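Colleague: There's a structure below that I have some questions on.
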Amino acid sequence: MSRILIVEDERKIARFLELELLHEGYEVETAGDGRTGLEKALSWAPDLMILDLMLPELSGIEVCRRLRHESDLPIIMLTAKDDVSDKVMGLDMGADDYMTKPFAIEELLARIRVGLKKHRASASAAAAPSVLSAGKLVLDPARYAVSWDGTPIALTKKEFDLLKYLMEHKGQAVTRDALLSDVWGYDYAGDTNVVDVYIRYLRHKIDEPFGVKTIHTIRAVGYMFSYE
Ligand code: CA
């Protein structure tokens with residue numbers, strides 16, 4: 001059953017949406033401010049998010065912007081007024097669709113179905129890349145799943161992307177710069193140490209618990225995935 005996260009600070013609207021969506025058979029979680037909404041979007045792994053733009057703590061636009069670094073979760077924005085600049089900004093920040101309040105619930109339900117369907121379609125189109133494996137380590141891009149000898153390993157999206165990239169370049173030394181531009185994106189403006197931090201996360205989740213060495217440090221260059 002699809003999971004829908006509602007991020008809306010107007011309790012009446014949030015409650016109304018929650019009841020309607022539960023009635024439709026969706027699993028529903030709600031958040032009353034932007035910060036909690038962002039946290040739940042990352043931790044609860046919803047299939048779609050309904051996001052009000054005017055929120056306390058963190059605006060809907062900011063939630064959208066930050067979420068897009070981590071996830072391609074479909075987002076339907078709710079705008080309180082017919083504010084074109086908000087809508088444009090929201091869509092620029094990666095929202096998929098919007099509705100202006102007050103809205104007809106039937107229309108929102110229809111847009112939710114479209115959003116979920118598009119997401120599933122793009123997920124299965126992305127399923128084309130095949131499963132990567134190295135010894136007992138298996139990474140399945142279609143399912144966003146990683147396992148060791150059948151035991152699932154929980155990775156964040158960034159950890160997953162990094163591991164996928166390293167496995168795709170198995171046996172090749174890759175530079176930090178290449179990792180930053182290919183995994184984080186050319187527009188990444190943060191600290192370059194982020195690569196080392198994420199390598200540490202991966203070692204902590206894979207090499208340490210399973211007593212192996214899959215990610216090797218290549219001095220003065222970067223890293224290399226090598227394991228059979
Ligand atoms: Ca609001």
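Colleague: Just to confirm, what accessible area per residue do you get for the chain at 1.4 Å probe, in whole Å²?
Modeller: Numbers: 12030 Å² over 228 residues.
Computed with neighbouring chains in place, this is 53 Å² per residue.
Colleague: For ILE75, list long-range residues whose amide hydrogen, built 1.01 Å from N in the peptide plane, is under 5 Å from its own amide hydrogen.
Modeller: MET49, ASP96, ASP97
Colleague: Which of rounded, prolate or oblate describes segment 132-225 when judged by the alpha-carbon gyration tensor and an a/c cut-off of 1.5? Working shown, then result.
Modeller: On the way: a/c = 1.76, a/b = 1.44, b/c = 1.22.
Note, shape of segment 132-225 comes out prolate.
Colleague: May I pose another question? Which angle from 0 to 90°, rounded to the nearest 10, does the C-alpha axis of helix 34-43 make with the longest principal axis of the chain?
Modeller: Roughly 50 degrees, rounded to the nearest 10.
Colleague: Let me ask another. Mind pulling the angle between the C-alpha long axis of helix 157-168 and the longest principal axis of the chain? Nearest 10 degrees, somewhere in 0 to 90.
Modeller: 40
Colleague: Using a 1.4 angstrom probe on heavy atoms only, work out the carbon and sulfur share of the accessible area of the chain in %.
Modeller: 52
Colleague: Using DSSP to call loops (not H, G, I, E or B), can you name the trypsin sites (Lys or Arg not before Pro) in segment 177-228 whose Cβ has at most 13 other Cβ atoms within 10 angstrom?
Modeller: On the way: sites: ARG200, ARG203, LYS205, LYS213, ARG219; in loops: LYS213, ARG219.
Listed in order of number, the matching sites are LYS213, ARG219.
Colleague: Given R₀ = 22 Å, what would the calculated FRET efficiency be for ALA104 paired with MET1, taking r from the Cβ atoms and rounding to 0.05? Spell out each step's value before the answer.
Modeller: Details: r = 24 Å, r/R0 = 1.08.
With a Förster radius of 22 Å, E is 0.40.
Colleague: Moving on. Contact order normalised by length for segment 3-125, with contacts defined as Cα pairs under 8 Å and 6 or more residues apart; what percent is it? Walk me through the numbers before you get to the answer.
Modeller: Numbers: 197 pairs, mean separation 26.1, N = 123.
Averaging sequence separation for qualifying contacts and normalising by length gives 21 percent for segment 3-125.
Colleague: What does the convex hull of the Cα atoms of segment 1-136 come to per residue, in Å³, rounded to a whole number? Present the calculation step by step, with values, prior to reporting the outcome.
Modeller: Working: hull volume 16.1 nm³, N = 136.
About 119 Å³ per residue, rounded to a whole number.
Colleague: Scan around ILE4 for amide H atoms under 5 Å from its own, H built in the peptide plane at 1.01 Å from N, and keep only partners 5 or more places away or cross-chain.
Modeller: So ILE4 has HN proximity to GLU27, VAL28, GLU29, ASP47.
Colleague: Counting only pairs 8 or more places apart or on different chains, how many lysine pairs in the chain have C-alpha atoms closer than 19 Å?
Modeller: 18
Colleague: Taking H as built 1.01 Å from N, whose amide H comes closer than 5 Å to the amide H of ALA145, not counting residues under 5 places away?
Modeller: Close amide H contacts, sequence-distant or interchain: ASP140.
Colleague: Using Cα atoms only, what is the angle between the long axis of helix 105-125 and the major principal axis of the chain, expressed in degrees (0 to 90) to the nearest 10?
Modeller: 20
Colleague: Another question, then. Only bridges whose two residues both fall in the chain count here: according to DSSP, what percent of them are antiparallel, nearest 5?
Modeller: On the way: 17 of 34 bridges.
Of the beta bridges lying entirely in the chain, close to 50 percent run antiparallel.
Colleague: So, one more: Can you give me the three principal axis dimensions of the chain from its C-alpha atoms, in Å, biggest first?
Modeller: The Cα atoms of the chain stretch 58, 35, 28 Å along the principal axes, largest first.
Colleague: If you don't mind, another one. At 7 Å along Cα-to-Cβ for each site, give me the label-to-label distance between VAL197 and ARG176 in nm.
Modeller: 1.3
Colleague: Still on this structure: Under the definition of Cα pairs under 8 Å and six or more residues apart, what whole-number percent is the relative contact order of the chain? Provide the component values of the computation, followed by the final result.
Modeller: Values: 341 pairs, mean separation 26.2, N = 228.
This gives 12 percent for the chain.
The values are calculated or read from the model by the stated rules, or taken from the named source; none is laboratory data. Not measured: the values here are computed from a predicted model. Reconstructed Cβ throughout: ideal geometry from the backbone, glycine too, with neighbour counts over all protein chains shown. Just the protein is used for accessible areas: all its heavy atoms, side chains included, with ligands, DNA and RNA removed. Shrake-Rupley method; radii C 1.70, N 1.55, O 1.52, S 1.80 Å.
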